[in-house]
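Contents: one structure, followed by commentary.
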Number of protein chains: 2
Amino acid sequence: MADSTKASNAASPASARTVRRRASITDVAKAAGVAVGTVSNVLNKPDRVLPATRERVEAAIAELNFVRNGSARQLRAGTLTSVGVVVLDLSNPFFTDVARGIQDRLERDSFTLMVAGSDEDLDRERRYLRLYEEHGVQGVIVSPATDDIDHVLAVRERGTAVVLLDRPSPVPEVASVAVDDVAGGRLAVEHLIAQGHERVALLNGPHTIRQCRDRREGAAAAMTDAGLDPEVALEEITVPSLTPDGGEAGIRELLALPAAARPSAVFCVNDLVALGVLRTLRRDGVAVPEEIAVVGYDDVTFAAELATPLSSVRQPTLELGTRAADLLFRPEGSAPEQVVFSPELVIRESSTTSPLEAGSP
Amino acid sequence: MADSTKASNAASPASARTVRRRASITDVAKAAGVAVGTVSNVLNKPDRVLPATRERVEAAIAELNFVRNGSARQLRAGTLTSVGVVVLDLSNPFFTDVARGIQDRLERDSFTLMVAGSDEDLDRERRYLRLYEEHGVQGVIVSPATDDIDHVLAVRERGTAVVLLDRPSPVPEVASVAVDDVAGGRLAVEHLIAQGHERVALLNGPHTIRQCRDRREGAAAAMTDAGLDPEVALEEITVPSLTPDGGEAGIRELLALPAAARPSAVFCVNDLVALGVLRTLRRDGVAVPEEIAVVGYDDVTFAAELATPLSSVRQPTLELGTRAADLLFRPEGSAPEQVVFSPELVIRESSTTSPLEAGSP
DNA sequence: ATGAAAGCGCTAACAA
DNA sequence: TTGTTAGCGCTTTCAT
């Protein structure tokens, strides 16, 4: 990758580097020849102050390049008009779509949204949560990386609104918005069984992640219901990461098996993983769905447009987000809600040769 | 979308709703029978304090569920170990990949990253920037929505480190990391011309966005170089949004033209738009690339795996991010840098029927 | 090693 | 309408 770096060396004049302390409200007051309270009023209740003085103050503000110190402001005021979100993976369209839903809803009340990604790491999740809390956000929406959510509950205990995202709340006092992942896993595998598959590989993430565990449970249940023994019929492969590359690694493991011993279908825990699987199968010349059928999860934007359009379990991302945002600000005394959406299977070519039967776009 | 809402109505016992003020350091001090200064030391320089007292303090902290108030802390300490990022669009994989690059790099110094999306809206950009600044982040990385970046420069003026993302800095004092978009636009259109196309439609965003303007400029330059008149040969269509739906709207406008009057190739300002174009063309039964060739921009993960693999201009996303993070923390006196990466064209089927010639995946 | 106290910048309550 | 002042929770001298 060519990369031209031209350091502009017009060494900044000494003056520009002067250590200029950020102007405070006191400086402004002094410059405008008024009291600090007046400046504060100009900032917060401009009508309380005479147009003439206001102008002088505003001039001083512009002159000194004043920006209100949020920490001080908040120290006084208590809390901030922003909310923090921690999702599992910022590069997963599923989560960014949810984030968009949250933002849409929050915008209405002119709240601001800060997002962080934990990459399924508990420590990082804790750090961000703490950061948000220390800085006094109004609320946090978090999609927990593991079952250990004591730290999340603690945040709520200390008085910050909390909504669990993509995970049903284990305790009644905490609101949550989730999609039934057991149902989703079941949908996917029921469909594969209906297509005649008797052994299915599940490319899954670690079971510390609830979504992964639940989707597996649903998959296994579908097997059992169909009279198949999950122990035999469901071959779980744990991918190194929930990404296309992870999917590639997973499917390679499968392809290493002798063709006879190999499941005829793959259920991927998300569409990113499925993308890697499809990519690898195509490169290796394995026909989808004839030799191996594939089903993904999330129904991301591009799922329908892939070389082999990908069957996928769809989740109502936007609603997840808007609903989560809603729950954050329920009136003080109201009981927290546990919202559970139902997923939907979208059948496309990757899992069926016959003309699409149902639920297709 | 079925949606079962079970409000858990075990109306929380009054006690649980008690308005319990968050415990402060003073409360802890009181509970532990020490001075506030000592508590502070336990928090910040634990070795300065006798193990015995430390334990007592720690017990009190646990007991009271104490969380340090970040605002107060920061008010005293000055600045925070976090940086803020504002990107144009959180749902664009290009930007989330860049964000990941930033986060990777920042992690090393255990900084935390907060991300916000402006959706190409100047006001929103301003709001987030101000929020970050007011809360004293160490630095901000912004991909500006418009040419008006006075507010960004002002942030720097006031002493917060600033790096412009995906946009060369117009002033030498501000660091920037960008990719040459003129070159990118040129690459795309040169390629289309080489494929024999004499009229190209450009599905573009508003020219207030620099990336859109530059890519167009490159496209036009390629035309001129080839002896074509851009006025005639380059048909620009402004899409309502830089998304698949925007792409659909744009291409429909094109399809409405009589086939003879219609350009034989489409250059999309990003891959999301291109996705919508491909989707629409497929639904309408228009052959790609035979009837209409398509080139996108960004080379997102799924570009290679689409029904018609998408030719696209690739940008070094991760490096963009890591480099931006690097620039944020150059030593005090060092001259700001303007980093410009070069894009690369990845040719796939969507723009050529002949076997791939170069730069393919 | 610990305590006492000043003060960061702001808002709100009160006084003038 | 404007000025004065207390105090938010914390860190950091400076004493002890």
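What the table shows:
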read-out: Checklist (1) within 22 Å of B:Thr301 (Cβ to Cβ); (2) within 11 Å of another protein chain (Cβ to nearest Cβ); (3) surrounded by fewer than 23 Cβ atoms within 10 Å (Cβ to Cβ) applied to B:Gln103, failing item; value: (3)
read-out: Every residue from segment A:324-344 that is over 12 Å from A:Val179 (Cα atoms) and either open to solvent by 30 Å² or more (accessible area, probe 1.4 Å) or of a type outside the set (A, V, I, L, M) (or both); value: A:Asp326, A:Phe329, A:Arg330, A:Pro331, A:Glu332, A:Gly333, A:Ser334, A:Pro336, A:Glu337
read-out: Tally, over segment A:54-92, of residues that are in a helix (DSSP H, G or I), more than 8 Å from chain B (Cβ to nearest Cβ) and within 30 Å of B:Ile102 (Cα to Cα); value: 0
read-out: Members of segment A:234-292 found to be closer than 21 Å to A:Glu198 by Cα and hydroxyl-bearing (Ser, Thr, Tyr), listed by number; value: A:Thr238, A:Ser264
read-out: Residue match in segment A:309-323 (condition: open to solvent by 20 Å² or more (accessible area, probe 1.4 Å), in a loop (DSSP other than H, G, I, E, B) and among the acidic types (Asp, Glu)); value: no
read-out: Matching residues, segment A:106-124, being charged (D, E, K, R) and either closer than 19 Å to B:Phe66 by Cα or within 11 Å of chain B (Cβ to nearest Cβ) (or both); value: A:Glu107, A:Asp119, A:Asp121, A:Asp123, A:Arg124
read-out: Single unsatisfied condition, B:Pro331 versus (1) closer than 30 Å to B:Val189 by Cβ; (2) modelled with pLDDT under 95; value: (1)
read-out: Qualifying residue in segment B:252-262 (condition: within 13 Å of chain A (Cβ to nearest Cβ) and either open to solvent by 50 Å² or more (accessible area, probe 1.4 Å) or in contact with a strand residue (DSSP E or B) (Cβ under 8 Å, 6 or more places away or on another chain) (or both)); value: no
read-out: In segment A:60-76, the residues that are open to solvent by 30 Å² or more (accessible area, probe 1.4 Å), in contact with a Leu (Cβ under 6 Å, 6 or more places away or on another chain) and over 13 Å from A:Val36 (Cβ atoms); value: A:Leu75
read-out: B:Val57 being more than 30 Å from A:Leu106 (Cα to Cα), of a type outside the set (D, E, K, R), open to solvent by 60 Å² or more (accessible area, probe 1.4 Å) and modelled with pLDDT of 90 or more; value: no
read-out: Residue that is farthest from the other protein chains (Cβ to nearest Cβ) [pool: residues in segment A:40-53 that are more than 8 Å from DNA strand D (Cβ to nearest atom) and more than 20 Å from B:Leu129 (Cβ to Cβ)]; value: A:Pro51
read-out: Contacts under 8 angstrom Cβ, first residue in segment B:54-75 being more than 7 Å from DNA strand D (Cβ to nearest atom), partner open to solvent by 70 Å² or more (accessible area, probe 1.4 Å) and of a type in the set (A, V, I, L, M, F, W, C), 6 or more apart; value: B:Ser71/A:Leu75
read-out: Filter result for B:Arg48 (charged (D, E, K, R) and within 16 Å of DNA strand C (Cβ to nearest atom)); value: yes
read-out: Meets criteria (in contact (Cβ under 8 Å) with a residue 40 or more places away in the chain, more than 16 Å from DNA strand D (Cβ to nearest atom) and small (Gly, Ala, Ser)) for B:Gly117; value: no
read-out: Residue check for A:Leu281: within 12 Å of another protein chain (Cβ to nearest Cβ) and at pLDDT 95 or above; value: yes
read-out: Unmet requirement for A:Gly276, which otherwise passes all of (1) in a helix (DSSP H, G or I); (2) small (Gly, Ala, Ser); (3) more than 14 Å from chain B (Cβ to nearest Cβ); value: (3)
read-out: Flag for B:Val98 being over 30 Å from A:Arg22 (Cα atoms), open to solvent by less than 30 Å² (accessible area, probe 1.4 Å), near DNA strand C (Cβ under 8 Å from one of its atoms) and not hydroxyl-bearing (Ser, Thr, Tyr); value: no
read-out: Residues located in segment A:268-286, provided they are touching a Ser or Thr at 6+ places or on another chain (Cβ under 9 Å) and either over 11 Å from A:Gly247 (Cα atoms) or of a type in the set (Gly, Ala, Ser) (or both); value: A:Ala274, A:Gly276, A:Arg282, A:Val286
read-out: Pairs, first more than 7 Å from every other protein chain (Cβ to nearest Cβ) in segment A:127-138, second hydrophobic (A, V, I, L, M, F, W, C) and open to solvent by less than 10 Å² (accessible area, probe 1.4 Å), C-beta under 7 Å, six or more apart; value: A:Leu129/A:Val86; A:Leu129/A:Val140; A:Leu129/A:Val142; A:Leu129/A:Val152; A:Leu129/A:Val155; A:Tyr132/A:Val140; A:Val137/A:Val83; A:Gln138/A:Val83
read-out: Residue match in segment B:280-290 (condition: closer than 16 Å to A:Thr308 by Cα, open to solvent by 30 Å² or more (accessible area, probe 1.4 Å) and either hydrophobic (A, V, I, L, M, F, W, C) or touching a helix residue (DSSP H, G or I) at 6+ places or on another chain (Cβ under 8 Å) (or both)); value: yes
read-out: Subset tally (residues that are under 15 Å from B:Arg68 (Cβ atoms), part of a loop (DSSP other than H, G, I, E, B) and more than 7 Å from DNA strand D (Cβ to nearest atom)) for segment B:21-39; value: 1
read-out: Matching residues, segment B:117-163, being closer than 17 Å to A:Val83 by Cα and either open to solvent by 30 Å² or more (accessible area, probe 1.4 Å) or in contact with a Pro (Cβ under 9 Å, 6 or more places away or on another chain) (or both); value: B:Ser118, B:Arg124, B:Glu125, B:Arg127, B:Arg130
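The values are calculated or read from the model by the stated rules, or taken from the named source; none is laboratory data. Treat the numbers as computed from the prediction; the structure is a model and nothing was measured. Glycine also receives a Cβ, built like all others from the backbone with ideal geometry; neighbour counts cover every protein chain displayed. Accessible surface areas use protein heavy atoms only, side chains included; no ligands, DNA or RNA. Shrake-Rupley method; radii C 1.70, N 1.55, O 1.52, S 1.80 Å.
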